[in-house]
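Step one of this worksheet: look at the structure below.
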Amino acid sequence: MSGSDSTGKRDEKAGGDQARGHAADDDVATEDTAGTEDTAATGSGVGAADTGAGDPDGAGDVVHYAEPGATLWRLGLGPALAALGFVTELILGQPPHWLMWIITGVGLLWLNGAWVFARRKFLRVRVTDTELVQGTETLPIADIGSILTREPRPGTRVLGGGQTVPRRFEGVELKLRNRKHVLAWSQDSETFTAALRTAMRNSRRD
């Protein structure tokens, strides 16, 4: 009897230890699953934040038409000509007048620079959804009532401050919302007019 009782107690003890072991394993598995879910949730949150940071809203106006007035490559014409003269003297075997060519290059650079930057300031044209830039004058797109396709009337005020439309530019008459007429200008009137119409539609839709 005592032997049977001892054997039964040992079996019960072993069964209890085994049950506690399974319960501990279940707890560990539950904790691992929860940890995995937390990690997945955290990872998806970072991805969303990164996506939001990498997709900034469109800041700035869309440019529908632009004329810079003059390109910067012209600034290199003077120094290039001076360098060509210097090299020509070397090829011909003549003593190079390097000081003269330096002064010539710098002088031509200064003259071209004044010409380029003056044109970029007074002859630039730009059309965006919010404004029309004509030289030093800026006209809000919202102020434009309509674009007139007829020949500009004499005496119409020219945008940009000039008395007449700049040379090699074409005039486009605009009727403002205050019923006044002004004369815009560009080197490509058809493309310029189409860009203005697009900007006016976008401005009114906004």
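Computed from the coordinates by the stated procedures, all read-outs in this text should not be read as laboratory data. What you see is a predicted model; the values in this text were computed from it and never measured. Positions of Cβ are generated from backbone atoms using ideal geometry, with glycine treated the same way; all protein chains shown enter the neighbour counts.
If packing is taken as the mean number of other Cβ atoms within 10 Å per residue, what is the order of 126-135, 93-102, 177-186, highest first? Intermediate values should be presented prior to the final figure.
Working: 126-135: 20.4, 93-102: 11.6, 177-186: 16.8.
Order by mean packing, descending: 126-135, 177-186, 93-102.
Taking only alpha carbon atoms, region 125-205 gives an Rg to Rh ratio of 0.92, where Rh is the Kirkwood radius.
Just rank Thr104, Thr71, fewest to most, by other beta-carbon atoms within 10 angstrom.
Placing the least packed residue first, the sequence is Thr71, Thr104.
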